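Have a look at the structure below before the remarks.
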Ligand code: GDP
């Protein structure tokens, strides 16, 4: 496999060498090997005997290029650049998915001079560098591959196919037009009428842009879909909080994730609730702190509840009727009453009068009422995420938009006082912050962060 002398390869430049990787997941009946770069066509000729017609599947015996041994029979596809996914010449081999088959064919591909294994995300990185997609589309693609709920899939799909990128580029174009008007004032500073007129023309556009940026920054729907809603389960000890979480986790699809930053000392479980990602947090033990460690746990639990999108107050019906009104806990999120243990003979009926919001009668033990609770939570999240796709999804997008808005605030705040040059500079900095979002300018430092998320073969 390492017939290639690594030291002979120039420092990686997009398109300099040809990359290959298995792009399909492991264990399937069919495996897909993708190639991108100037040697892609040569590999097809070497293994399949000829270059297939562009974009048509061609059934071929695949042979080792030097020994001539038949390794497998599969489909060969040829996608000449620049109208390919990466913008370079690309090839694809669809072969049998067995370990030995994949190892043999990949080994044969990599034995062709000029070939090397692709790094994680390298195909997408080349697509970006060749202008086939912007950075937000690349992120959308990563999210689409990682999507676990249907809501995440819908958001990621829109994002992957240009929704966010187009909005940001539209903002940036408008900003550049406003900047050009003011710069026209600089160029024509001798001619009396131009400067004042240019400023007056540019201001409403900058105000409109600022309003749109502020609205986008205030819209948290993207994060809610992508990260999932945070639902805190609160209530007195023994109300059945952990039983409820366990019952929901068994009924609904528990999303296994090892996302960094989730605190392990809080019982948390990510679920697919009716197509929406929701993370349930058990706030058990909030009141009994006996050790320092426990106190720290409680501090974190409180912080987590403060961030919650919804709090479920679990009440044990066998201990008496539910309180008439919501207990006072310091949260801004809506508080729902979930009256548990309705299976118990001594269960007292739950009053709902004092609760501003819906209540649910459930049994974590028998499963009764959980379907309705799941649908209720799903509906709650759906209502908070519906409508046109949000403009900003990741923290990176919010940071860029926030910087742009800060520069526009300076410009608008001192519109009449700033020199033309300084005013144009604030607009230029705002445009630059937006340009970083799509990768149109100044993003070299961001690329490793963005493409690190991908797996090999994408
Ligand atoms: P937590 O302290 O709020 O987390 O409560 P647990 O989930 O540990 O439950 C306390 C006790 O109530 C346990 O003995 C559970 O088996 C029991 N329990 C929880 N839910 C139900 C229920 O729906 N019906 C009945 N009969 N018992 C339940």
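Which one is modelled with the lowest pLDDT among residues in region 140-151 that are out of contact with any helix residue (DSSP H, G or I) (no Cβ under 6 Å at 6 or more places or on another chain) and closer than 14 Å to residue 394 by Cβ? Of everything passing the filter in region 140-151, 146 is modelled with the lowest pLDDT.
The rows are residues; the columns are (1) at pLDDT 70 or above; (2) touching a strand residue (DSSP E or B) at 6+ places or on another chain (Cβ under 7 Å); (3) farther than 22 Å from residue 224 by Cα.
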{"site": "249", "(1), (2), (3)": "yes, yes, no"}
{"site": "253", "(1), (2), (3)": "no, yes, no"}
{"site": "257", "(1), (2), (3)": "no, yes, no"}
{"site": "262", "(1), (2), (3)": "no, yes, no"}
{"site": "291", "(1), (2), (3)": "no, no, yes"}
{"site": "307", "(1), (2), (3)": "yes, yes, no"}
{"site": "315", "(1), (2), (3)": "yes, yes, yes"}
{"site": "342", "(1), (2), (3)": "yes, yes, yes"}
{"site": "349", "(1), (2), (3)": "no, no, yes"}
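Mind listing just one residue for me: the one in region 275-289 that is under 20 Å from residue 220 (Cβ atoms) and crowded, with 18+ Cβ neighbours inside 10 Å and, of those, modelled with the lowest pLDDT? Give the derivation first.
First pass over region 275-289, keeping only residues under 20 Å from residue 220 (Cβ atoms): 275-281.
From what's left, crowded, with 18+ Cβ neighbours inside 10 Å: 276-281.
Details: 276: 90, 277: 91, 278: 92, 279: 90, 280: 91, 281: 87.
Among those residues, the one meeting the criterion is 281.
Considering only residues that are free of Cβ contacts under 8 Å to residues at least 60 places away in the same chain, touching a helix residue (DSSP H, G or I) at 6+ places or on another chain (Cβ under 7 Å) and buried (at least 23 other Cβ atoms within 10 Å of the Cβ), which ones fall in region 20-66? Answer for region 20-66, where residues must be free of Cβ contacts under 8 Å to residues at least 60 places away in the same chain, touching a helix residue (DSSP H, G or I) at 6+ places or on another chain (Cβ under 7 Å) and buried (at least 23 other Cβ atoms within 10 Å of the Cβ): just 62.
Among the residues of region 358-374 satisfying the criterion of being part of a loop (DSSP other than H, G, I, E, B) and without any contact (Cβ under 8 Å) to a residue 60 or more places away in the chain, which is nearest to the ligand (Cβ to nearest atom)? The selected residue is 363.
Residue 406 meets the conditions (1) surrounded by fewer than 17 Cβ atoms within 10 Å (Cβ to Cβ); (2) under 30 Å from residue 278 (Cβ atoms) in every case but one. The failed one is (2). For beta carbons closer than 6 Å, sequence separation of 6+ or different chains, a first residue in region 222-238 that is closer than 22 Å to residue 388 by Cα and a second that is within 13 Å of the ligand (Cβ to nearest atom), there are no qualifying pairs.
For residue 303, the conditions (1) more than 16 Å from the ligand (Cβ to nearest atom); (2) modelled with pLDDT of 85 or more; (3) out of contact with any strand residue (DSSP E or B) (no Cβ under 7 Å at 6 or more places or on another chain) all hold with the exception of (2). Filtered by the rule that a residue be modelled with pLDDT under 95 and touching a strand residue (DSSP E or B) at 6+ places or on another chain (Cβ under 7 Å), region 96-109 gives a lone residue, 97. When residues in region 382-405 are screened for being in a helix (DSSP H, G or I) and either in contact with a strand residue (DSSP E or B) (Cβ under 9 Å, 6 or more places away or on another chain) or farther than 14 Å from residue 429 by Cα (or both), 8 of them pass.
Scanning region 199-221 for residues that are out of contact with any helix residue (DSSP H, G or I) (no Cβ under 9 Å at 6 or more places or on another chain) and either at positive phi or in contact (Cβ under 8 Å) with a residue 24 or more places away in the chain (or both) yields one hit, 219.
In this structure, is residue 96 within 30 Å of residue 384 (Cβ to Cβ) and in contact (Cβ under 8 Å) with a residue 24 or more places away in the chain? Spell out the reasoning first.
Values: within 30 Å of residue 384 (Cβ to Cβ): no; in contact (Cβ under 8 Å) with a residue 24 or more places away in the chain: yes.
Taking the combined requirement at face value, the residue does not satisfy it.
The values are calculated or read from the model by the stated rules, or taken from the named source; none is laboratory data. This structure is a prediction, so every number in the text was calculated from the model and none was measured. For neighbour counting, all protein chains shown are included, and Cβ atoms are generated from backbone atoms with ideal geometry for every residue, glycine included.
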